[in-house]
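Every read-out reported here was derived from the displayed coordinates using simple, explicitly stated rules and does not represent laboratory data. Quantities reported herein were computed from a predicted structural model and do not represent experimental measurements. Backbone-built Cβ (ideal geometry, glycine too); neighbour counts: all protein chains shown.
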Amino acid sequence: MTEFVGYEFLRGHYQLPVFPIAQPARIAAVMRIIAQEDVLLVPSGVAPHSHSPLDHVLFALKHEGTNLQVLAEVMPHVTTEDIGRAVWSKPNSSYVRIAAYLWEHFTGIQLTDVPSITASTVPVFNANRYVVSAFPQKNARWRVAFNGLGDLDYCVTVRRTEAIQKLLDENILEQTRRFFEQTEKPVMDRAITWAFLSETEGSFAIERETPPENKAEAFVRWVLAQSGKMETAVTGKMLLPVSVAMKRHEQEYLDALQSFSKPSRSLWDVRWIDQEQFDFKLNGGAFYRYWDATDVVRFSLQMAKAALREDLQAEVNALIRYDAIYRKVDAAYDVRNSDLSLLIRSCMQNAGIVSKNRRKKFAATVPEPVFDAIEQAWSEGAVSLPRDAY
């Protein structure tokens, strides 16, 4: 029979309303703790052999990391006597201090008789295992620093996976800042207007909704007014059309959302009564305040990177190229601005070709050489587009 320890033991033994443990710890015939993709193999000599919840909490904190969702639900099962004995037995133990700190918060009870703590301050989350806050909240009583992404009432967890660490090392926000600063302001202002509108449309599109055109335009004007025209060279204010990128990756978007919605749905009891009446009962609730956002963060970082490199960069390059073609043709021919603008956009959207239909439609107002001049300017690359600044 499989014997689980740590968080998985606590989840099963106390029937805790929490998400399944991604890497449950179980006793195995091994000489040392071995982490596999979906299980943590634990030697019998290292595993706790009692059913004491505190023993399994201390084991989990040491070997499995910090799972606030489980800890919030299980701490009320730890008696005052047990936590008090542990504190007096090992007052400077990092894991005992973290457990006592969390126990007091999740039970609302404060231990009245505790020894003096002389050890160094210890973080609740291991920075090698998790993405942590740069501004930890220190607790002098237990010499513990809460460095989670939030506070003890609401905190998501982001595991420092190889994929997330690589994305963090790329520093997408810094790349975006440099890109904004190195792009001419008039061009960037137009790109930002496009990005705001595209972000609005993309946000609706990914949810299968269509925004009224006037609502989208009003939103663009309002945000531009609030942002001071995105004076990023000084203020660092920026926008990435992330929803546009997400729209191209809808399955990954759905997978990221379901990393939370699927396990949370299983913790609701929903009963159909009749017609449109249902009875909803929530089991627990800690999972809404403490949950693993690793998949969501990874996807969001990937989409931020794509929005910069595939969307905003492309739009800026297109605007630079459009301006160069416009200047070259406008200097040589007298063509109505609206006609020239439309023909250039059509040429760019058609891989450098002004279609026969366009030529025929504008034949009465645009000289034939203009069509060829637009195509020639496009093919020559009237301006050398900038290489990626990042």
Discussion item. Run the helix sum for the chain: -39,500 (n - 2.57) per DSSP H stretch of 4+ residues, divided by residue count, reported at 222 nm to the nearest 500 deg cm²/dmol.
Written reply: -15500 deg cm²/dmol
Worksheet, complete the sentence: Residues whose modelled amide H sits under 5 Å from the amide H of D292, counting only those 5 or more places away in sequence or on another chain, are T157
Item to complete: Using the charge dipole of the chain (Lys, Arg: +1 at Cβ; Asp, Glu: -1 at Cβ; taken about the Cα centre), state which of P186, F299, I109 has its Cα farthest towards the positive end.
Response: P186
Worksheet item: Do the alpha carbons of any pairs in K62/K90; K62/K305; K62/K138; K166/K305 sit beyond 23 Å of each other, and which pairs?
Response: K62/K305
Worksheet item: What is the projected area of the convex hull of the Cα atoms of the chain, averaged over all directions, in nm²?
Response: 29.0
Practice prompt. Please identify, among T80, T66, T294, the residue showing maximal mean-square fluctuation in a Gaussian network model of the chain using a 10 angstrom Cα cutoff.
Written response: T80
Discussion item. If amide hydrogens are placed 1.01 Å from N in the peptide plane, which non-local residues have theirs closer than 5 Å to the one on A145?
Written reply: V122, V124, N139
Fill in: Of the trypsin sites (Lys or Arg not before Pro) in the stretch 12-104, those whose Cβ has at most 13 other Cβ within 10 Å and which sit in DSSP loop
R32
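If you take every DSSP beta bridge fully contained in the chain, what fraction is antiparallel? Give it as a percent rounded to 5.
On the way: 17 of 25 bridges.
Around 70 percent antiparallel, to the nearest 5.
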Worksheet entry | Surface/4 estimate of mean projected area, convex hull on alpha-carbon atoms of the stretch 4-126, nm² | 7.7
Worksheet item: Tell me, what is the Rg over Rh of the stretch 284-390, with Rh the Kirkwood radius over Cα pairs?
Response: 1.30
Response to the item:
Counted neighbours (other Cβ, 10 Å), sorted fewest up, put K166, K247 in the order K166, K247
Worksheet item: So what J values fall out for the stretch 336-352 if you push phi through Karplus, 6.51 cos²θ - 1.76 cosθ + 1.60 with θ = phi - 60°, rounded to Hz, Gly and Pro as x?
Response: 4, 4, 5, 5, 5, 4, 5, 5, 5, 4, 4, 4, 5, 6, 10, 6, x
